[in-house]
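The values are calculated or read from the model by the stated rules, or taken from the named source; none is laboratory data. Here the structure is a predicted model, which is why all the values come from computation and not from measurement. Cβ coordinates were reconstructed from backbone atoms using ideal geometry, including for glycine residues, and neighbour counts include every protein chain displayed. Please note that ligands, DNA and RNA were not included when accessible areas were found on the heavy atoms of the full protein model with its side chains. Shrake-Rupley method; radii C 1.70, N 1.55, O 1.52, S 1.80 Å.
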Amino acid sequence: LKRSRLKQSGRAGCFDSFTVRAMADRVFVRGFDYGTEEDAIRAHFQQAGPVSSVELWGKGAAIVTFSAPAAAEAAVKLDRSIIPGNSRFVEVKLDDDPQSSRCRVFVRGFDFGTTDEQLESHCSQAGQIVKVQWCSKGSAIVTYSTPAEAQQAINTLNRSTIPGNSRFVDVMIKEDGNGFFERRMKGMPGAMFWFANLARYWGKGKGKGSKGRKEDPPGSGRVFVRGFDFGTTDEQLQSHMSAAGEVADMHWVTRGSAVVIFKDAESAKKATETLHKSVIPNNSRYIDVILKDSE
């Protein structure tokens with residue numbers, strides 16, 4: 001949507017002419033490996049100039065803020081560069097709406113294959129959407145024209161289901177630089193829960209993202225499990241996954257996802273074949289089980 005259309009609405013929001021800076025001092029980065037730490041992102045982008053902050057959005061996206069707009073402009077030249085230790089390049093775009101953080105919500109849990117049109121149509125029930133930035137196949141940042149609309153999205157769309165999808169989405173807001181918070185569905189107004197460490201434990205047994213953690217056992221296999229209910233315990237998850245084989249270790253990624261390491265690779269493969277789209281007892285939706293490399 002063009003910014004001029006938003007100005008004509010007459011609403012006080014995130015994108016009126018008084019709040020948009022002439023030059024942006026931040027960039028939106030996506031595509032780095034899950035488990036890449038803030039320090040690695042900061043070090044990579046300091047090639048362009050002093051970095052003021054790095055905000056992780058989901059497991060593979062971040063907003064990098066620089067001390068000067070010129071550095072942000074220079075950072076765009078790092079588009080399709082590779083952060084040391086990563087296996088793929090990043091996409092870098094100038095974030096020219098730096099005052100929009102109060103209008104952003106993080107949406108996760110929709111089916112892989114969901115289109116822009118499906119996501120925007122569903123989220124537009126809460127207000128006027130300015131833009132959508134994909135973080136992964138199942139998560140995105142949705143920016144509204146006002147903070148009130150972003151809050152409305154949390155109040156009305158959290159745990160709703162996008163038409164054509166098979167499971168509900170989580171809708172969260174970022175507040176005061178302290179990470180993600182999730183407002184639970186109706187019946188629990190005002191309750192906030194910490195939703196952090198989105199990427200800290202995701203990655204391989206070696207390298208960045210695994211500092212201070214032991215390597216996977218020889219011959220083991222790991223899977224990424226996502227979509228279980230917030231509040232699921234270690235015991236519930238381990239008991240369910242043990243149906244495929246002996247679980248050697250688990251690392252929580254978020255309150256609704258985790259890395260499960262099996263004693264042998266065959267059990268990990270079996271987990272993807274038998275537990276994908278299964279439901280942990282007493283949960284309300286199925287899980288995704290994705291095979292990942294181990295080291």
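The table that follows gives values for the structure above.
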| quantity | calculated |
| --- | --- |
| Any hit, the stretch 95-105, residues being open to solvent by 10 Å² or more (accessible area, probe 1.4 Å) and in contact with a helix residue (DSSP H, G or I) (Cβ under 6 Å, 6 or more places away or on another chain) | yes |
| Count of the stretch 44-75 residues which are open to solvent by 50 Å² or more (accessible area, probe 1.4 Å) and in contact (Cβ under 8 Å) with a residue 12 or more places away in the chain | 6 |
| Residue match in the stretch 108-116 (condition: touching a helix residue (DSSP H, G or I) at 6+ places or on another chain (Cβ under 7 Å), among the β-branched types (V, I, T) and not in a helix (DSSP H, G or I)) | no |
| Answer residue from the stretch 250-280, given it is basic (K, R) and part of a helix (DSSP H, G or I) and is nearest to the chain's Cα centre (by Cα) among those | K269 |
| First in the stretch 107-122 and more than 11 Å from I162 (Cα to Cα), second anywhere and surrounded by fewer than 16 Cβ atoms within 10 Å (Cβ to Cβ), Cβ under 8 Å, 6 or more apart | F112/K137; G113/K137; D116/V132 |
| Looking only at the stretch 237-249, and only at residues there that are assigned to a helix (DSSP H, G or I) and among the aliphatic types (A, V, I, L, M), the one that is surrounded by the most Cβ atoms within 10 Å (Cβ to Cβ) | M241 |
| Residue list for the stretch 134-151, restricted to those being assigned to a loop (DSSP other than H, G, I, E, B) and touching a residue at least 60 places away in the same chain (Cβ under 8 Å) | G138, S145, T146 |
| Given (1) touching a strand residue (DSSP E or B) at 6+ places or on another chain (Cβ under 8 Å); (2) open to solvent by 40 Å² or more (accessible area, probe 1.4 Å); (3) farther than 25 Å from S284 by Cα, number of the condition V132 does not satisfy | (2) |
| Conditions (1) within 22 Å of V253 (Cβ to Cβ); (2) at pLDDT below 90; (3) assigned to a strand (DSSP E or B); number of the one not met by K131 | (1) |
